[in-house]
Every structure is written in structure tokens, then in C-alpha cells.
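Reviewing the structure listed below.
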Amino acid sequence: MILSPINIISSSVLLLLLFVLVVPLLKSRQRLLINTSFMLSSLASLLGIIGGVWAVGGGITNKLILPIGLPDLPFHLRVDPLAGFFITVICLLSFFVSLYSIGYIKGYLGRRPVTSLVIFYCLFLAGMVMVVLADDALFFLISWEVMAAASYFLVMFEDERIENRRAAFLYIIVAHVGAIAILLSFGIMAGLATGFESFNGYTFDAMRQAEFPLKWATAAFLLAFFGFAAKAGVIPLHVWLPEAHPVAPSNVSALMSGVMLKTAIYGIVRVTFDLIGVFPWWWGAIVLIFGLISAVMGVLYALMQNDLKKLLAYSSVENIGIILIGIGLSMIFKPFNIPLLSALALIAGLYHAMNHAMFKGLLFMGAGSVLHATNERNMEEMGGLIHRMPWTAALFLIGCVSISALPPFNGFVSEWLTFQAFLLSPAMPSPFFKLLIPLGAALVALTGALAAACFVRAFGVTFLGHWRGAHMPRVHEADWFMRSGMILAALSCLLLGILPTFFIDWMDIIAQQLVGTKIGASSGVYGWLWLTPVARESASYSGMIVFLGILLVVVAVYFILHVKPGGIRRVPIWDCGFGKLDQRMQYSATSFSMPIRRIFGFLFNIREQVKLNPRGVHKAFPKRLNYYLRVRDRFWNWLFKPVIEFSFWVSRKVGLLQQGRIQAYLIYSFITIIVLLALSR
Amino acid sequence: MDLNVVAQLNSFLAAFVLLTAFGMLVQRRMYGLVHLFAWQGLFLSINTAMVGFVAGKHHLYISSLLTLSLKVFLLPYILHVLIQRLKVHKEVEIVENVPMTMLMGIALVIFSYYLMSPVTQLSTLVTRSTLAVALATVMIGLLMMITRKHAVTQIIGFLAMENGLFFAATSATYGMPLVVELGVALDILIAAFIFGIFFFHIHTTFDSLDVDQMARLKEED
């Protein structure tokens, strides 16, 4: 069969890879290069979407064996509903982002050549799709490395700044440590699948059929979880994320945060549910606990950031946490033989993965528009942008509402499903769970509230009020390409929010294949309108009705305020008779997050100083105050600094061997020879 | 010739090879070293020819001639010229703690005999008893490179190691195939030239041939 999901998807990958070869020819014509390359990558993404949607919708599993690879070890490709789902997510966002890039990358014209960016952008997209397509450990790891290396060069794009080089270096180290763990995990599984005499264990099929002893399966799972968690940015392995995402070009950060992290989620689901298959409940508890930590800590860190893109990066840590909570719950319920709840939690996690791709992509694109227009990432310097950039502001607001899990947008649906999985869980046979489940539900609720606070702050400080910096630059609205990318992402946020039953019915087959049952979200007399995950009596939600209700209220309010003439007057701000209000006298990003910094301060490494300036003036009559605040990640000092210092210590000790004297080096070999001879006699 | 006599002669020559190795270990004068090296080559050459005669391996005559021309005449001549050009012929190298070095050499010989005893028991070759001496020569060459500081002494130590290997090949298996031996001979020759060029560079850079000077190339913290 010529036309099948896998052929469509692999032709889209091939299109991207072949185009990379053509790019150098277009080097001298940068504008043409930008137009063709991003048009082409959006076309390739469209192909991927078609293939992915078809594979999930039809429940199709296709395989393909490529004649390339190592001798006797060909590459295996496979598309099943799980892979199809992730390919859909990846290609959907890369379609939006590619459209957006046509406008965004033109900002570099005349400043620096973008040839390398185009090459690695295409390789990056191809790498992500290849990771999901792979059906053997070899091809998986190669694709994984292509993805990591391409994104490394994208982070490095503006390499004249030291922070970019530092971030890229940190990123590539974490990515490689993770890749080693994944390699070892596959090594264990392949070795147990066919023994060490034959190499055929490297295919995922062999791993699927093998039954692993618990001890080895646990080792494989822990290694894989470590490796994928490093890529996903699970706390405490998240430190590269807030460094690398802000410095990459914004279209790339949208992709890295929106979908590259999801490939790690895909890896976790693939290894645990599919390859290992049978596992004890406490694996799920591990995933759940790390998910909870990431969610709460991630959003708290996000609240402390003044850099808009850094805030979004930490918020990705939080959302990865929420996705892992869903998957962890599913992994807990599966061994206890509660397939319905397991399916519900899995769908909740995967649905959140898709939602996060949409709204985080949208938010990064919005932040990119702001950066494009103002050359500013620090929120403390921004403000009042809603007047100059109405489109960006409205679309960014949609992203903020979605990510804060407010109806009728998509974030609410997946977090609501996660709550249902928590709340419907029956009494578990272990006291540990009696503690963990309610605690987890409470922490998810806290996360949602904090995320809302975080994005009220992000939107309010950036777009509302007045410009906070010294001089307002000439700000221009994003062009139509950028706007169209954001509008499409915002639309998909809305659709995923108001029509969840369609999407959940579409992806239900994944749950069927992985945990053995569908959740049948739209069953019952209400049909497509009501989302009823388990039983109509216990919980139901209709995004459509909520949306119509909210729309009605908004329209009514608009008419009441605007139709009546003179309903709104624009006058100078009342200054309480104090006089001389200036732009510094607004709520700032730092002041907004102060109450939360007071409550959760013990989690951060905070240095706060208030200095009277100039000195010598009496305290009662200060002329100027200098306020200094530094908030740092504690994990850097706890976890990463000791490792770095240890490796430097080891290097210094090894360096002692280097004497610089020929005799010393000869003695090393002499002693080695003597010892070896004496031992091997 | 009687095999027993051949074995005796072989051991006798092996003893001389070992003696010259010990001599080189503690010889302080440059010319003396070169002469000792030439003598070692001569004993090797005679030994190779004799083994070739007894075992009926005629290609060993060729390698014997090669050894004679290379190690007895050509290499000593090159080293001679080198020493004169570099004006180091009057230099007397300080060898620290001669008795200690000699004792270490003796320990190495004993160690080689200990290592080779199982091989000697299994082997049926005439030359089996000299295998340990060959190994000892290699190790003494290495020891010489470790204890000496002068660059010319180092290369002589290296060449002495190669002599030991060649000796081991003749006594263990009646020599290597001719192609290999030709290759090795060529390598030695080229190595000597390369060393010569390096010496000139070292000499002009450091104004000395003391390899301790090269410690200055070490990376600083």
C-alpha cells in the first residue's frame, strides 16, 4: 500500500532532510531562503499531521524496515496510535511555528546570516519526528542525538553572547548524560531480550516480547526515567531549561518547550507501558512524586522570574510535572487492575501534553513578538504594550487563560481530568497511598492557583499599565505571518477546550492499547456535548456550554459599557493629590510576587538588600532607596555544584600524573609492563 | 655442528649481549656508549648467522647481514656524526647511584628468568635458554631510558631495546619472516634519522640535550 500513515510521515521527514541539502545553494539569497524553507517545513508538518491523525483515528499500526543502518542491523520504523498522537502534536505546533517563523526570522535580515538557523531548524523538526517513528534502540538513539545536536546549535545561534554559549554548553551536557542513561536502559532490555550472543534484541519488538525479571526491569526503568527526565526538565534536573529556552530564538524556544520536552514524555510512556509492559505500582509512585515536585516548584520558580521567557521556561517545568502526575497515576492504577482509572489518568496526561504544546507554543510566540518589537525580555522594563500590540496582547491573554487552567480553554479540561483521576480513586490497600493521593490532589490545586497568579503577573506587567523603562522604543505590531501562527495556536487552544469529547474519542484507542480499556468519554444520552469520563452521575463538564455562557456575559458587558454614549471617559489618573505620578509607581513584577516570596521564601536562595542612597541623610527623609533582590535556584548549589567541583577535583588529581618528564612517562609504562607480566605469568 | 655445542655458543653470545647491555646502563661517555652498542650489534649478528646455519633457515643470513651493516656500521656512524655535530663528545653524563641501577638490572634479569621458565620448559628449540636474556635486554634498555637524562643516551637505550626484541625473535622462533625483518630494519633507520633531526631542534631550542628541560613544556594550572 503506497498511501499509509507511515509513508506519509516518513516522506515528510525525507522532505525536511533533503531540503537541508539544498539550503547552502540559497545561502546568498537570505529572504528567499527564509520564505521557501519555512513554507516547506510547514508543508512537511502538514503531511505529518495528516499521517498522525490518520494513524490514531484509524487505530493503524504500520511498520517499515529501512535498508540503511549498520550492516545486519537495519533501521526499523513503526507508527502506532501512541506514536501517531505524538507526531500529531509535534507537527501541529511545528506547522504553527513555521508560519510564525516566516515573519519572525525576517527580523534577523541584515543583522546576521540565518543559513545555519534554517538548516538546524529543519534537522530539529526531522529529528523529533524520527524519535517518535523509531522502532529500534539504534535508530531511536541516533534520532535522539540528531534532535539534541540540532537544538544545541539553535540555542547557540546568537553565539557572540556569553550567556548563550554557557546555556548551550549546559544543555548539551545534561542532554548527553541523559542519553547515556537511555542507552544503558536499552542495553539492559536488549541484553535480556535475546541474550548477549545475538544483536536482534535492539528492536523494540524483541523488547516487547521479552519478559524481564523485576530487578533488571527496575534498573532499566530507573535509567530510562532518569534519562528522559533530564530531557523533560523534571526537577531536580531542570537547570538547563531556564538557561537554554530564553536565549534561543523565540520560534525555537516555542518548539523546544512545546514539543521537544514531549518527546521525553513519549519516551517514558513508550518504555514503561509498551516495552516493559508489566511493572509494580511503586514505579508509578516515583513518577507521581517527581511530577508533584516539578509542578509545585516549577510554578513557584516561574513566579520569581522577571525575564518573560525564563518565566515561561519554568512554567514548562510545572506543566511537565502535571503531565507526569497523570502518567504516574496511570502507572499506579494499572498494576492494581483498575483499568478505567488508569486509562483516565493516561488520557489526562497525554491530553495535557497536547494542550501544553499549544498554549506554551502560543505564549513563546507571543513573547517572541514582544521581544521582536521591543528588544526587551525583562518584564520590569515593559508595560502598556496592549495599546501598541493589540493582537499580540489578545492572543497572549488566550495563552495565559489556557495555561492557568480556566474554562473554556484547553488547560482546564486536562487538569480537570487529572483531578477526576485523583478524586475517583478508590481506597488503596496501602497507607502510603491514603496519604499520597489526597496530598497530590491538594498540590495540583495549589499549582493551578499559583500558575494563575503567575500568568496574571506575566500578562499584567507586560501588557497593562504604562511603559516602565526609561524610553519607550518604537514598538510595532507583529506582522501577519507571526499573527497567523499565533491565531491558529489560539484557535486550537479554544477548540481543544470546548470540544474535548471529539479529541478524547479520537485518542481513546491509545488507552485501549496501553492499559486495555477505553474511557468512552462521550457515552450517554448527552452525546458529544458533555465530557463524562467515568460515569455521568459522578462528574461531567461541557466546554461548549461554559464557552457560550462566558461569551454571552462578555457580549452583554460590552454592550452595556460601550453602546451607551459617554459610558467610558478617558481622564488623567487621579494621583490622590500627591502629585507627580511617574511610570515607576506601578505594580512591578517584583512587587506582585512579593507575598508569595514571603510565604515560600525558604525554598529559594534569596538575597535582599535595601540601601539608603546617599548615605548620611536621616532615615526619616530618604532621598533615594536602592533595592537589590537576587533569587536563585537552590538545586544548583545542592546538586550540580558538588558534581562540578568533584569532576574538577578528579581532573586536578589526574593532572598530577602529567609530570612533563619523559622519564616519568617511561616509568608508568615500565611499571605497567612489569605488573602485567607478573600477573599474567 | 653438534647441537650441544651450538647451544653452548648461543648461551655464550647471549652472555655477551647481556654484558654489553649492562655496560651501556652505566657508561658515562658518549663514544663509549656508541662503541658498546656496536659490539652488541656484532654479537647479535654472529648469533643470528649461527642460528640460521643450524636451523637451516637461510633467510637468517640476510637478516644477519642487515644487522651487521645497520647496527654495527651505519647506526654507530650516524650517532658518531651526531655527537660530533652537536659537540657533546666531551660531555660526561652524571649517572646517579650506579650500584642501585646495577642492582635493579640484576633484579630484572632474575625476573625475566622467572617469567620465561614455563616457556623454556615447553620449547624444543636450541636457543630456548636465551629467551630470558633477550627479555632482560629489552627491559634493561627501558630502564636505561628511564635512568638517563641525555637525549642521545635515550635513543641508544631505545635502539638497545630493539636489539633485545630482535634477539628474542631469533631465540624464540628462529627469527621473524624476512618481510617483517626488512620492515623493522627500515623503521629503525628512519627512527634514527628522525631522532637526529629532533636532537638538532631540541638543541637549538633549549641549548642543551638534557630532556629534563622539556618539563618546561608542561601545562601550568
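The values are calculated or read from the model by the stated rules, or taken from the named source; none is laboratory data. Because the structure is a prediction, the values reported are computed rather than measured. Note: ideal-geometry Cβ built from the backbone for every residue, glycine included; neighbour counts use all protein chains shown.
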In the stretch B:156-214, which residue that is of a type in the set (D, E, K, R) and within 14 Å of another protein chain (Cβ to nearest Cβ) is farthest from B:Lys71 (Cα to Cα)? B:Asp212
I'd like to check something: does the stretch B:125-148 contain any residue that is surrounded by fewer than 17 Cβ atoms within 10 Å (Cβ to Cβ), within 14 Å of chain A (Cβ to nearest Cβ) and among the hydrophobic types (A, V, I, L, M, F, W, C)? no
Considering every residue within the stretch A:28-40, establish whether at least one is surrounded by fewer than 20 Cβ atoms within 10 Å (Cβ to Cβ), of a type in the set (S, T, N, Q), touching a strand residue (DSSP E or B) at 6+ places or on another chain (Cβ under 8 Å) and not in a helix (DSSP H, G or I). no
So, in the stretch A:445-466, how many residues would count as being touching a Ser or Thr at 6+ places or on another chain (Cβ under 9 Å) and of a type in the set (Phe, Trp, Tyr)? 2
Given the residues B:Leu13, B:Leu25, which is the only one that is touching a Phe, Trp or Tyr at 6+ places or on another chain (Cβ under 8 Å), part of a helix (DSSP H, G or I) and at pLDDT 85 or above? B:Leu13
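Which of the residues belonging to the stretch B:104-163 are among the charged types (D, E, K, R) and without any contact (Cβ under 8 Å) to a residue 40 or more places away in the chain?
B:Glu162
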Working only within the stretch A:628-669, note down all residues that are in contact with a helix residue (DSSP H, G or I) (Cβ under 8 Å, 6 or more places away or on another chain) and not small (Gly, Ala, Ser). A:Leu629, A:Val631, A:Asp633, A:Arg634, A:Leu657, A:Gln659, A:Arg661, A:Ile662, A:Gln663, A:Leu666, A:Ile667
Restricting attention to the stretch A:93-110, report how many residues are within 15 Å of A:Ser250 (Cβ to Cβ) and surrounded by fewer than 18 Cβ atoms within 10 Å (Cβ to Cβ). 1
Out of (1) without any contact (Cβ under 8 Å) to a residue 24 or more places away in the chain; (2) surrounded by 10 or more Cβ atoms within 10 Å (Cβ to Cβ); (3) in contact with an Asp or Glu (Cβ under 8 Å, 6 or more places away or on another chain), what's the single condition that is false for A:Tyr628? (2)
When you go through A:Ile510, A:Ile519, A:Ile504 one by one, which is the residue that is under 28 Å from A:Met331 (Cβ atoms), under 28 Å from the mean Cα position of the chain (by Cα), surrounded by 13 or more Cβ atoms within 10 Å (Cβ to Cβ) and modelled with pLDDT under 80? A:Ile519
A:Ala393 vs. criteria farther than 30 Å from A:Leu292 by Cα and touching a helix residue (DSSP H, G or I) at 6+ places or on another chain (Cβ under 6 Å): yes
Index of the failed condition, B:Val92 passing every other in (1) among the β-branched types (Val, Ile, Thr); (2) touching a Lys or Arg at 6+ places or on another chain (Cβ under 6 Å); (3) under 16 Å from B:Glu181 (Cβ atoms): (3)
Taking the options A:Ala451, A:Ala421, A:Ala405, name whichever one is outside any helix (DSSP H, G or I), buried (at least 17 other Cβ atoms within 10 Å of the Cβ) and modelled with pLDDT of 85 or more. A:Ala405
So which residues in the stretch A:586-599 are surrounded by 18 or more Cβ atoms within 10 Å (Cβ to Cβ), closer than 14 Å to A:Leu450 by Cβ and of a type in the set (A, V, I, L, M, F, W, C), if there are any at all? A:Phe592
Going by what's in this entry, would A:Pro236 be described as in contact with a strand residue (DSSP E or B) (Cβ under 8 Å, 6 or more places away or on another chain) and modelled with pLDDT under 95? no
Do we have any residue at all in the stretch B:80-90 that's buried (at least 16 other Cβ atoms within 10 Å of the Cβ), within 14 Å of chain A (Cβ to nearest Cβ) and in contact with a His (Cβ under 8 Å, 6 or more places away or on another chain)? no
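Working only within the stretch B:96-107, note down all residues that are outside any loop (DSSP other than H, G, I, E, B) and either of a type in the set (Val, Ile, Thr) or surrounded by fewer than 19 Cβ atoms within 10 Å (Cβ to Cβ) (or both).
Hits for the stretch B:96-107 are B:Val98, B:Pro99, B:Met100, B:Thr101, B:Met102, B:Leu103, B:Met104, B:Ile106, B:Ala107.
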Report yes if A:Met486 is in a helix (DSSP H, G or I), under 22 Å from the mean Cα position of the chain (by Cα) and over 22 Å from A:Ser315 (Cα atoms), otherwise no. no
How many residues of the stretch A:329-355 are crowded, with 24+ Cβ neighbours inside 10 Å and within 22 Å of A:Pro429 (Cβ to Cβ)? The answer is 12
Yes or no: A:Gly57 in contact with a helix residue (DSSP H, G or I) (Cβ under 9 Å, 6 or more places away or on another chain), assigned to a helix (DSSP H, G or I) and modelled with pLDDT under 90? yes
Condition met for B:Leu209 (within 23 Å of B:Phe43 (Cβ to Cβ) and either surrounded by fewer than 22 Cβ atoms within 10 Å (Cβ to Cβ) or of a type outside the set (Val, Ile, Thr) (or both)): no
Do any helices (runs of 4 or more DSSP H) entirely within the stretch A:581-681 hold 3 or more residues that are modelled with pLDDT of 85 or more, away from every other protein chain (no Cβ under 14 Å) and over 30 Å from B:Met116 (Cβ atoms), and if so, which? A:589-592, A:594-599, A:641-655
